[in-house]
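Here is the structure we will look at.
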Amino acid sequence: LRLLGAQLPTIVIESKDLYPTALAGTAPVGYSLGQAKDVDLAPVPMSPLFGKPSLTIVTYGFAASLVRDALSILATSAEIAIDVVVLQIVSPLDMQEILLSAQQTKKILVVEEGFPSQGLSASIVEGLTNSDISGVTLSAVGQKREIGASKFAEDDALLSVASIISAVQKIVGKS
């Protein structure tokens, strides 16, 4: 931060209370929004109303709204059915909905705003390792690199609907 002229250290705090707000509104066309089970902050499933899901997406927070927008496009243009698990809390990670869906699809795409090699993906790998499910492929999409100073560099580095669609198409083999 000294490069930006800051004389004192700066702390950025992300409010985890905002994670559930990304689900406000309705599910995309062709999907139903499930209810969290038992606990107010349990993961919320979003399931396709058409076809057998070929992929499980796990997401939370603002990324959930980007996933919802991507689902609308994928459902109509590519007819790709996807199970989505929207986490309300990320720690401790509730694997129940993730494992139920992964058992069926055998493919998980983690969508988060941070770097995909860290964070939620690592927790899901641990959860899969400790489960009885085998043969699940895990992929992740998120921030590509450090965020540049220009609007173009920022847009190129950050998670977007287009990057989610591209990752889904690559995983399920539809372009």
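Go over the candidates ALA102, ALA36 one by one and state the one that is of a type in the set (Gly, Ala, Ser) and modelled with pLDDT of 90 or more.
ALA102
Might you let me know whether the stretch 141-161 holds any residue that is in contact with a helix residue (DSSP H, G or I) (Cβ under 6 Å, 6 or more places away or on another chain), open to solvent by 70 Å² or more (accessible area, probe 1.4 Å) and either at pLDDT 85 or above or of a type in the set (Lys, Arg) (or both)?
Looking through the stretch 141-161, at least one residue is in contact with a helix residue (DSSP H, G or I) (Cβ under 6 Å, 6 or more places away or on another chain), open to solvent by 70 Å² or more (accessible area, probe 1.4 Å) and either at pLDDT 85 or above or of a type in the set (Lys, Arg) (or both).
In the list ILE89, ILE124, which residue meets the criterion of being within 30 Å of GLU154 (Cβ to Cβ) and part of a loop (DSSP other than H, G, I, E, B)?
Result of the check over ILE89, ILE124: ILE89.
Could you run through the stretch 98-118 and say how many residues are in a helix (DSSP H, G or I) and within 13 Å of the chain's Cα centre (by Cα)?
Adding up the residues that qualify gives 1.
Just wondering, is there one or more residues in the stretch 102-114 that are over 21 Å from PRO48 (Cβ atoms), surrounded by fewer than 22 Cβ atoms within 10 Å (Cβ to Cβ) and out of contact with any Gly (no Cβ under 8 Å at 6 or more places or on another chain)?
No, there is no match, as no residue in the stretch 102-114 is over 21 Å from PRO48 (Cβ atoms), surrounded by fewer than 22 Cβ atoms within 10 Å (Cβ to Cβ) and out of contact with any Gly (no Cβ under 8 Å at 6 or more places or on another chain).
Can you run down the residue pairs with Cβ atoms below 7 Å, 6 or more apart or on separate chains, where the first is in the stretch 146-175 and within 12 Å of LEU109 (Cα to Cα) and the partner is in a helix (DSSP H, G or I) and open to solvent by 40 Å² or more (accessible area, probe 1.4 Å)?
ILE165/ILE73
Give me the residue from the stretch 52-66 that is farther than 27 Å from ASP132 by Cβ and either basic (Lys, Arg) or touching a residue at least 60 places away in the same chain (Cβ under 8 Å) (or both) and, out of that set, most open to solvent (accessible area, probe 1.4 Å).
LEU66
Please work out which one of (1) without any contact (Cβ under 8 Å) to a residue 24 or more places away in the chain; (2) touching a strand residue (DSSP E or B) at 6+ places or on another chain (Cβ under 9 Å) is the condition GLU97 fails and give its number.
(1)
SER123 - would you say it is closer than 23 Å to GLN96 by Cβ, touching a helix residue (DSSP H, G or I) at 6+ places or on another chain (Cβ under 9 Å) and at pLDDT 85 or above?
no
The values are calculated or read from the model by the stated rules, or taken from the named source; none is laboratory data. Here the structure is a predicted model, which is why all the values come from computation and not from measurement. In this analysis, Cβ positions are derived from the backbone assuming ideal geometry, glycine residues included, and neighbour counts consider all displayed protein chains. These area figures cover heavy atoms from the full protein model, side chains too; ligands, DNA and RNA do not enter into them. Shrake-Rupley method; radii C 1.70, N 1.55, O 1.52, S 1.80 Å.
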